[in-house]
Amino acid sequence: KNEVEQSPQNLTAQEGEFITINCSYSVGISALHWLQQHPGGGIVSLFMLSSGKKKHGRLIATINIQEKHSSLHITASHPRDSAVYICAVRWPNTDKLIFGTGTRLQVFP
Amino acid sequence: DTEVTQTPKHLVMGMTNKKSLKCEQHMGHRAMYWYKQKAKKPPELMFVYSYEKLSINESVPSRFSPECPNSSLLNLHLHALQPEDSALYLCASSQAPQRDTQYFGPGTRLTVL
């Protein structure tokens, strides 16, 4: 069993749809990151969360520490949102990130 | 300047070659990271430098040799690589170890023939 699990693995949507990507982890963490990777490689950090909720533009990230679960929501999705979204967690007192396997999102016009 | 730069963008090398990957940041970050990423897989941590000292080596083969000459620069020296080492090599940095967002470079796509 992976220490960080994401669902779904693949997701297709029509432009304008509301999208949710989920991440679950197995033990207590100090922080959870949501990352975006476009084809070609570059990774962009979207959010770092240790509690509650954060919003940036059309993106919203939430975390429930008790349930060890986080969600990334995209409102009014657009084809340029097509990318792989990766959840990563940091265990306490470590520099190391543990990555989920990613969710491949395709948004069609 | 909020950018991590990596050179070269692409590298093709033979199994007997010696080459180096370079990573640079001018954000004053004191933690720097090397990751390896195979196609359709998440990044795998290779090394972490914290205040210019190697703090994590994830049991990486000795044919990969990291170097941190100063707080802005991180190198990865490659020697006698195998074809299975072909991958995207990503560098990242963060303001301090054990916390903060990691900023990733665009990566070097390495092909070993």
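Can you run phi through the Karplus equation (6.51, -1.76, 1.60; θ = phi - 60°) for region A:65-82 and list ³J(HN,Hα) in whole Hz, with x for Gly and Pro? Going residue by residue, I get 5, 5, 8, 6, 8, 9, 10, 10, 10, 10, 8, 6, 4, 9, x, 6, 7, 4 Hz, with x marking Gly and Pro. Surface composition of region B:13-89: carbon and sulfur atoms hold 47% of the protein heavy-atom accessible area at a 1.4 Å probe. Of all aspartates and glutamates in the structure, those lying under 13 Å Cα to Cα from A:LYS68, and not within fewer than 8 positions of it along the same chain, are A:GLU3, A:GLU5. Take the Cα of A:PHE18, step 7 Å toward its Cβ, do the same at B:SER20, and the gap between the two points is 5.3 nm. Buried surface for the A/B pair, taken as the accessible area of each chain alone minus that of the pair with a 1.4 Å probe, is close to 1600 Å² in total.
Need the full-extension length gain, B:HIS77 to B:VAL12, defined as separation in residues times 0.36 nm minus the C-alpha distance. One decimal, nm. Walk me through the numbers before you get to the answer.
Values: separation 65, 0.36 × 65 = 23.40 nm, distance 1.41 nm.
Taking B:HIS77 through B:VAL12 to full extension adds about 22.0 nm, to one decimal.
Accessible surface for the protein assembly as shown, divided over its residues, is 49 Å² per residue with a 1.4 Å probe.
Under a Gaussian network description of chain A, with springs only between Cα atoms under 10 Å, the residue in A:ASN64, A:ASN93, A:ASN22 that fluctuates furthest is A:ASN93.
Calculated on C-alpha atoms, the gyration radius of region A:66-109 divided by its Kirkwood radius gives an Rg/Rh of 1.09. Positive end of the dipole of chain A (Cβ unit charges, origin at the Cα centre): among A:LEU11, A:VAL27, A:SER82, the Cα lying farthest that way belongs to A:VAL27. Dimensions of chain B from C-alpha coordinates, computed as largest minus smallest value along each principal axis and given longest first, are 37, 23, 23 Å. With the whole protein complex present, A:THR20 retains an accessible surface near 50 Å², based on a 1.4 Å probe. Selection among B:SER59, B:ASN70, B:PRO43 by position relative to the dipole of region B:35-83 gives B:PRO43 as farthest towards the positive end (Cβ unit charges, Cα centre). By the Cβ-Cβ criterion of under 4.7 Å, the unpaired cysteines of chain B are B:CYS68.
Using the Cβ-Cβ distance between A:SER7 and B:ARG30 with R0 set to 41 Å, the FRET efficiency from 1/(1 + (r/R0)^6) comes to roughly 0.70.
Among the lysines of chain B, pairs at least eight places apart or on separate chains and with Cα atoms under 23 Å apart come to 17.
Neighbours of A:ILE60 by Cβ distance under 10 Å: Lys/Arg scored +1, Asp/Glu scored -1, total +4.
Taking 22 Å as R0, compute the FRET efficiency from the Cβ-Cβ separation of A:HIS78 and B:GLU3 and round it to 0.05.
Working: r = 25 Å, r/R0 = 1.12.
The computed FRET efficiency comes out at 0.35.
Residues of region A:73-109 with an amide N closer than 20 Å to a point placed 7 Å from the Cα of A:SER50 along the Cα-to-Cβ direction: A:87-99.
Peptide A:40-47 is shielded by partner chain Cβ atoms: per residue, an average of 6 of them sit within 10 Å of its Cβ. Per the Debye calculation on chain A with a single equal scatterer at every Cα and no solvent contribution, log₁₀ I(q)/I(0) for q = 0.14, 0.17, 0.22 Å⁻¹ amounts to -0.51, -0.74, -1.21. For the pair B:SER55 and A:ARG104, a Förster radius of 30 Å applied to the C-beta separation gives a FRET efficiency near 0.40, rounded to the nearest 0.05. Per residue of peptide B:30-37, the mean number of Cβ atoms on other chains within 10 Å of the residue Cβ is 1.
The solvent-accessible area of A:ILE65, taken with every protein chain present and a 1.4 Å probe, is close to 70 Å².
Counting only Cβ charges, +1 for Lys and Arg and -1 for Asp and Glu, the dipole size of region B:12-99 around its Cα centre is about 120 debye. For region B:37-107 versus region A:78-108, the spacing of their alpha-carbon centroids is 18 Å. Can you tell me the relative contact order of chain B? Whole percent, Cα pairs under 8 Å, sequence separation 6 or more. Relative CO of chain B lands at 37 percent. In the protein assembly as shown, inverting the average of 1/r over every pair of distinct C-alpha atoms gives 18.0 Å as the Kirkwood radius. Rounded to the nearest 10 square angstrom, A:LEU49 shows an accessible area of 0 square angstrom against a 1.4 Å probe.
Just by accessible area at a 1.4 angstrom probe, what is the order of B:HIS10, B:HIS79, B:HIS26, A:HIS78 from largest to smallest? Display every interim value, and only then the final one.
Details: B:HIS10 135, B:HIS79 85, B:HIS26 110, A:HIS78 60 Å².
Per-residue accessible area, sorted high to low, gives B:HIS10, B:HIS26, B:HIS79, A:HIS78.
Relative contact order of chain A, taken over Cα pairs closer than 8 Å and 6 or more residues apart, is 37 percent.
The values are calculated or read from the model by the stated rules, or taken from the named source; none is laboratory data. Note that this is a predicted model, so its numbers are computed, not measured. Note: ideal-geometry Cβ built from the backbone for every residue, glycine included; neighbour counts use all protein chains shown. The protein model used for the area step is the full one, side chains on, heavy atoms only, and it has no ligands, DNA or RNA in it. Shrake-Rupley method; radii C 1.70, N 1.55, O 1.52, S 1.80 Å.
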